[in-house]
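Presented below is the structure to which this report refers.
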Amino acid sequence: MHVAKRLGIPTHLSTRPLTDPLRNSKAVTLMKDLRPSLARQLRERELHAALISPLDYAKESSDYCLVPDVAVASGGNGSIVVRFREGLQHIKTLAVDPEFPAEILLTKIILAEEFDIEPTILPLQATVEAMLEKADAALLTGDAAFYQWGVSENVIDIVEEWNEMTSLPYVHALWCGWADQLSPKDIELLQTARKKGVEGLADIAKDYGKEQRRSVQEFLESFTYDLTPEVREALAEFLRYLYYHGVMPDIADLNFYTREQETGPLATDGSPP
């Protein structure tokens, strides 16, 4: 008897092209939660796979595999931004949503390397207005960044700075699971869902009010959902930065599910079959 695979998914707009086509599939059960909780549930084997950040993958990379050909990536599209009250050099404190540790680390790297700024981090789940009352600047990502989309005054586009620093996009999320948990049919299902989701961006936008639909579709179109060679290199580069900045004890390998055998990782050369 086939048991539906439990897949952990965040609620962010940017990941909907990968998850919406799975909603009516009997082969999977979608479990929505905040990203730290998804990472914990996957780590404790309460989930078969989940859409998680590169940081969460790196922490367990020896046990996890990545689904080939699927990712959420972008380059300078306003999906991770820092809003600040005054000049850059006045940023001494940065309010952040603790749901996004990977984006917090990316921002710390960018501010340190590109602007020579090392602000005190203030965890705070609140509106941007409340964040800026408590801190000199606010990190906005996920849907919070979308609702500030187009604001250009007193803003640092963190992904754009990453792109300028590395000449690579930034990888926001990946399908990741235990090496023995997803079959070739499961992998194919996730890859097919990606294709359908990308073709149906306008349908996702229809869930929003008429005044927002164009912005929603344009926001989704600013991402790429393919794990192309460039996106794989971007992922590998971020994993190298995690090591160089002392976040990880070593550089995580890229392990991919294989299509040839029932389950298990590929060779760790960063190239799916």
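The values are calculated or read from the model by the stated rules, or taken from the named source; none is laboratory data. Please read these numbers as outputs of a predicted model, since none were measured by experiment. Because the Cβ atoms are built from the backbone with ideal geometry, glycine has one as well, and the counts that use them run over all protein chains shown. Note: accessible area is taken over every heavy atom of the protein model, side chains too, but ligands, DNA and RNA are not part of it. Shrake-Rupley method; radii C 1.70, N 1.55, O 1.52, S 1.80 Å.
Remarks
- No other residue among L174, L132 is touching a residue at least 24 places away in the same chain (Cβ under 8 Å) and either surrounded by fewer than 19 Cβ atoms within 10 Å (Cβ to Cβ) or at positive phi (or both) apart from L132.
Residues are listed down the side, and each one gets a yes or a no for (1) more than 15 Å from the chain's Cα centre (by Cα); (2) of a type in the set (D, E); (3) over 26 Å from R16 (Cβ atoms):
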position	(1), (2), (3)
V96	yes, no, no
K108	yes, no, yes
L111	yes, no, yes
D143	no, yes, no
L174	no, no, no
E188	yes, yes, no
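- Residue match in region 99-106 (condition: of a type in the set (D, E, K, R) and either on the phi > 0 side of the Ramachandran plot or crowded, with 18+ Cβ neighbours inside 10 Å (or both)): yes
- Residue among L47, L22, L55 that alone is under 19 Å from L201 (Cβ atoms) and touching a residue at least 60 places away in the same chain (Cβ under 8 Å): L22
- Selection count where residues are assigned to a loop (DSSP other than H, G, I, E, B) and in contact (Cβ under 8 Å) with a residue 24 or more places away in the chain, scope region 112-129: 5
- Filter result for the condition that a residue is part of a helix (DSSP H, G or I), among the β-branched types (V, I, T) and without any contact (Cβ under 8 Å) to a residue 40 or more places away in the chain, over I104, I109: I104
- Single unsatisfied condition, W175 versus (1) over 25 Å from G78 (Cβ atoms); (2) touching a strand residue (DSSP E or B) at 6+ places or on another chain (Cβ under 9 Å): (1)
A quick yes/no check of all residues on (1) under 26 Å from I109 (Cβ atoms); (2) open to solvent by less than 20 Å² (accessible area, probe 1.4 Å); (3) at pLDDT below 95:
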position	(1), (2), (3)
D33	no, no, no
Q41	no, no, no
R45	no, no, no
S53	yes, yes, no
K59	yes, no, no
S62	yes, no, yes
P68	no, yes, no
A71	yes, yes, no
G75	yes, no, yes
